[in-house]
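These notes concern the structure reproduced below.
The values are calculated or read from the model by the stated rules, or taken from the named source; none is laboratory data. Owing to the predicted nature of the structure, the values given are computational and were not obtained by experimental measurement. Using ideal geometry, Cβ is built from the backbone for each residue, glycine included, and neighbour counts are taken over all protein chains shown.
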Amino acid sequence: MDPIQRFAAYAADFEKTYQDDDWKRLEGYFAEDAVYEVKGDVPFACEVRGCEAIFRAIKKCLDGFDRRFDTRELAAEGAPEVEGNRVTFRGTGRYEKPGVEPVSIRLSETVEFNDAGLIVRLTDVYPPGQDEALAWIERHGGEFDISYV
């Protein structure tokens, strides 16, 4: 399976996991020693090593942030880009909940596969120019926790 097909399968299964919290579904996508890195000028930047630790970190963020909203809409910004065994996807997440102003967060995610098709590095980059979103996160930090660790 080429990297773009593998990425599409992973992304589809990630969304299923978001819905039902069945993390076993994603185990076949990651190498045991995979690395997950969150980059950018954001207070939740971090690096997590190991498949199980990655799942815990992402689940923490989903439980503390994404799942606390009534609406979570993801929109792609163009087609994914492929370079060798790496696929990069750019998009925006828009989150809404009654009584709280909506927030949109831009993200660039790069997934690097080894020759066996397993994810060895997952990198999320929060690009500059998101002052409104970061101010929103700071204002609502007590109710919405976007951190991973």
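Report whether or not Phe89 is crowded, with 18+ Cβ neighbours inside 10 Å, over 15 Å from Leu107 (Cα atoms), at pLDDT 95 or above and of a type in the set (Phe, Trp, Tyr). Spell out the reasoning first.
On the way: crowded, with 18+ Cβ neighbours inside 10 Å: yes; over 15 Å from Leu107 (Cα atoms): no; at pLDDT 95 or above: yes; of a type in the set (Phe, Trp, Tyr): yes.
Against the criterion (crowded, with 18+ Cβ neighbours inside 10 Å, over 15 Å from Leu107 (Cα atoms), at pLDDT 95 or above and of a type in the set (Phe, Trp, Tyr)), Phe89 does not qualify.
Within the stretch 23-34, the set of residues being aliphatic (A, V, I, L, M) and surrounded by 18 or more Cβ atoms within 10 Å (Cβ to Cβ) comprises Leu26, Ala34. Any chance you could count how many residues in the stretch 92-105 are part of a strand (DSSP E or B) and surrounded by fewer than 16 Cβ atoms within 10 Å (Cβ to Cβ)? Matching residues across the stretch 92-105 total 6.
Per the conditions (1) within 14 Å of Thr88 (Cα to Cα); (2) free of Cβ contacts under 8 Å to residues at least 24 places away in the same chain, the sole criterion not satisfied by Arg25 is (1).
Please go through the stretch 107-116 and pick out each residue that is out of contact with any helix residue (DSSP H, G or I) (no Cβ under 8 Å at 6 or more places or on another chain) and surrounded by 14 or more Cβ atoms within 10 Å (Cβ to Cβ).
We begin by selecting, within the stretch 107-116, every residue out of contact with any helix residue (DSSP H, G or I) (no Cβ under 8 Å at 6 or more places or on another chain); these are 107-110, 112, 114-116.
Within the stretch 107-116, Leu107, Ser108, Glu109, Thr110, Glu112 qualify.
Flag: Val125 does not match the condition of being more than 27 Å from Gln5 (Cβ to Cβ), assigned to a strand (DSSP E or B) and among the β-branched types (Val, Ile, Thr).
Any residue in the stretch 71-80 that is more than 16 Å from the chain's Cα centre (by Cα) and either among the acidic types (Asp, Glu) or closer than 15 Å to Val38 by Cα (or both)? The answer is no, given that none of the residues of the stretch 71-80 is more than 16 Å from the chain's Cα centre (by Cα) and either among the acidic types (Asp, Glu) or closer than 15 Å to Val38 by Cα (or both).
Where residues in the stretch 128-149 are surrounded by 15 or more Cβ atoms within 10 Å (Cβ to Cβ) and either among the hydrophobic types (A, V, I, L, M, F, W, C) or not in a loop (DSSP other than H, G, I, E, B) (or both), which of them is farthest from the chain's Cα centre (by Cα)? That would be Trp136.
For the stretch 47-76, the set of residues classified as farther than 26 Å from Glu96 by Cβ and either of a type in the set (Lys, Arg) or surrounded by fewer than 15 Cβ atoms within 10 Å (Cβ to Cβ) (or both) consists of Glu47, Arg49, Glu52, Arg56, listed by residue number. Taking strands (runs of 3 or more DSSP E) as the structural unit, those lying wholly within the stretch 1-91 and holding at least 1 residues that are touching a helix residue (DSSP H, G or I) at 6+ places or on another chain (Cβ under 9 Å) and of a type in the set (Val, Ile, Thr) correspond to 30-40, 46-49, 81-83.
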